[in-house]
Amino acid sequence: MIVNSFKGLCRVVLPLYSHKSLSTNILVRHRAALGKHLLGHWRSSTSHGKLVRNGEGKKSVICLEGNIASGKTTCLEYFSKTSDIEVLTEPVSKWRNVQGCNPLGLMYQDPTRWGLTLQTYVQLTMLDQHVSPMTAPIRMMERSIYSAKYIFVENLYKSGKMPEVDFAVLSEWFEWIIKNISLPVDLIVYLQTSPQTCHERLKQRCREEEKVIPLEYLESIHNLYEDWLIHQKSFHVPAPVLVIPADHDLKKMLHQFEENREKILMAR
Ligand SMILES: Nc1ncnc2c1ncn2[C@@H]1O[C@H](COP(=O)(O)OP(=O)(O)O)[C@@H](O)[C@H]1O
Ligand SMILES: Cc1cn([C@H]2C[C@H](O)[C@@H](COP(=O)(O)O)O2)c(=O)[nH]c1=O
């Protein structure tokens, strides 16, 4: 639901639900099942039964979303120069090398066999980022555990490349996590591109594993993003959405990032 038009090229889209109501009153459940190390970063509160990171209420978390090669890393690089912001880029290097194995490369070679393997590891590493203690008042992170599930797992499943049983196992894991652990997001910034633009940028970036990606794959990812964040008709949207059209050249993109600096950094 679009509730606000912004000067220039951006819009804010409100979520169907607000995460705030879910995350303000929470308590630690399943405490016994958790290691000492993890609990060191957590506190208990009063209801809803979720784990909460210490100091969570005072800080803001912005997730940067967009198709593959839409310019997310470039955007994060720009904001990383701002003081009081912690930038978490996607842990792609881990996805390309876990104990000497490359689940990202394996997935692109044989999605039906390796989709579950990659997505299990993506889910773990994204969760690790969401729950890691914040080192600055504002955190900007690349994608989220939500897009890993609502976009990439969904795409594998919908395209017939992920077996039903793999999808069911991943879905139950995901549902358990979001039910039991508070993963607050205050704003989603969506870099909206055409799949064609991403295809061009992807070829230019030339990541070895991604050489097999056809335009149709980027079109599917694009449509899932649009249904989730623009039409808001597929899955729960955990925060308001700021849309930044991102087909433009670098100079114009940097200008737009600057124009939107306050809207992005004042999220909360
Ligand atoms: N506005 C832009 N115009 C042209 N090329 C861009 C632009 N933004 C990023 N790029 C280039 O496109 C490629 C993908 O950008 P990147 O920031 O890595 O995207 P993402 O992190 O979303 O995958 C990189 O080679 C980057 O230098
Ligand atoms: C979150 C997520 C990502 N991937 C893949 C898609 C790309 O090949 C890389 C991420 O690179 P980007 O330039 O930052 O988009 O990882 C995936 O297959 N599954 C996922 O859940």
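The values are calculated or read from the model by the stated rules, or taken from the named source; none is laboratory data. Predicted model only: the values in this text are computed from it and were never measured. Positions of Cβ are backbone-derived with ideal geometry, glycine not excepted, and every protein chain shown enters the neighbour counts. Note: areas computed on protein heavy atoms with side chains; ligands, DNA, RNA excluded. Shrake-Rupley method; radii C 1.70, N 1.55, O 1.52, S 1.80 Å.
Considering only the stretch 97-106, state which residues are buried (at least 18 other Cβ atoms within 10 Å of the Cβ) and more than 16 Å from ligand 1 (Cβ to nearest atom).
Our first condition is that a residue be buried (at least 18 other Cβ atoms within 10 Å of the Cβ); within the stretch 97-106, this holds for 103-105.
Residues satisfying the conditions are PRO103, GLY105.
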Residue selected from the stretch 76-91 under the condition touching a Leu at 6+ places or on another chain (Cβ under 9 Å) and within 11 Å of ligand 2 (Cβ to nearest atom), by the criterion least open to solvent (accessible area, probe 1.4 Å): LEU76
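For the structure I just gave you, tell me whether THR135 is open to solvent by 60 Å² or more (accessible area, probe 1.4 Å) and either in contact with a strand residue (DSSP E or B) (Cβ under 8 Å, 6 or more places away or on another chain) or at pLDDT below 95 (or both).
On the way: open to solvent by 60 Å² or more (accessible area, probe 1.4 Å): yes; either in contact with a strand residue (DSSP E or B) (Cβ under 8 Å, 6 or more places away or on another chain) or at pLDDT below 95 (or both): yes.
Answer is yes for this residue.
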Subset of the stretch 210-268 [open to solvent by less than 60 Å² (accessible area, probe 1.4 Å), within 15 Å of ligand 2 (Cβ to nearest atom) and assigned to a helix (DSSP H, G or I)]: GLU210, LEU215, TYR217, LEU218, SER220, ILE221, HIS222, LEU224, TYR225, TRP228, LEU229
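Does LYS94 satisfy the condition of being open to solvent by 60 Å² or more (accessible area, probe 1.4 Å), modelled with pLDDT of 95 or more, within 17 Å of the chain's Cα centre (by Cα) and not small (Gly, Ala, Ser)? Spell out how you get there, then give the answer.
On the way: open to solvent by 60 Å² or more (accessible area, probe 1.4 Å): yes; modelled with pLDDT of 95 or more: yes; within 17 Å of the chain's Cα centre (by Cα): yes; not small (Gly, Ala, Ser): yes.
Here the answer is yes, as LYS94 does meet what is asked.
Among the residues of the stretch 113-166, what is the count of those that are small (Gly, Ala, Ser), within 14 Å of the chain's Cα centre (by Cα) and not in a helix (DSSP H, G or I)?
Quick first cut of the stretch 113-166, residues small (Gly, Ala, Ser) only: 115, 132, 136, 144, 147-148, 159-160.
With the extra rule that they be within 14 Å of the chain's Cα centre (by Cα), the set shrinks to 144, 147-148.
Now restrict to residues that are not in a helix (DSSP H, G or I): 144.
Final tally of qualifying residues: 1.
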Some residue of the stretch 214-230 being of a type in the set (Gly, Ala, Ser) and out of contact with any Gly (no Cβ under 7 Å at 6 or more places or on another chain): yes
Residue satisfying condition, being within 10 Å of ligand 2 (Cβ to nearest atom) and out of contact with any strand residue (DSSP E or B) (no Cβ under 8 Å at 6 or more places or on another chain), within set GLN123, GLN109: GLN123
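Only residues that are touching a Gly at 6+ places or on another chain (Cβ under 8 Å), more than 12 Å from ligand 2 (Cβ to nearest atom) and open to solvent by 10 Å² or more (accessible area, probe 1.4 Å): list them for the stretch 181-209, please.
Within the stretch 181-209, the first condition is being touching a Gly at 6+ places or on another chain (Cβ under 8 Å), and the residues that meet it are 190-193, 201, 208-209.
Those still in the list that are more than 12 Å from ligand 2 (Cβ to nearest atom) too: 190, 192.
The answer is GLN192, and nothing else.
Does ILE181 fit the bill of being more than 20 Å from THR89 (Cα to Cα), among the β-branched types (Val, Ile, Thr) and either within 13 Å of ligand 1 (Cβ to nearest atom) or without any contact (Cβ under 8 Å) to a residue 60 or more places away in the chain (or both)? Before the answer, list the steps.
Details: more than 20 Å from THR89 (Cα to Cα): yes; among the β-branched types (Val, Ile, Thr): yes; either within 13 Å of ligand 1 (Cβ to nearest atom) or without any contact (Cβ under 8 Å) to a residue 60 or more places away in the chain (or both): no.
No, not satisfied.
For residues that are of a type in the set (Gly, Ala, Ser) and within 24 Å of GLN196 (Cα to Cα), tally how many sit in the stretch 233-247. Talk me through it step by step, then tell me what you get.
Pass one, the stretch 233-247, residues of a type in the set (Gly, Ala, Ser): 234, 239, 246.
Next, from what is left, pick out any that are within 24 Å of GLN196 (Cα to Cα): 234, 246.
Count: 2.
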Test for VAL165: is it β-branched (Val, Ile, Thr), more than 16 Å from ligand 1 (Cβ to nearest atom) and buried (at least 18 other Cβ atoms within 10 Å of the Cβ): no
Within the stretch 143-161, considering residues that are open to solvent by 10 Å² or more (accessible area, probe 1.4 Å) and of a type in the set (Ser, Thr, Tyr), the one farthest from ligand 1 (Cβ to nearest atom): TYR157
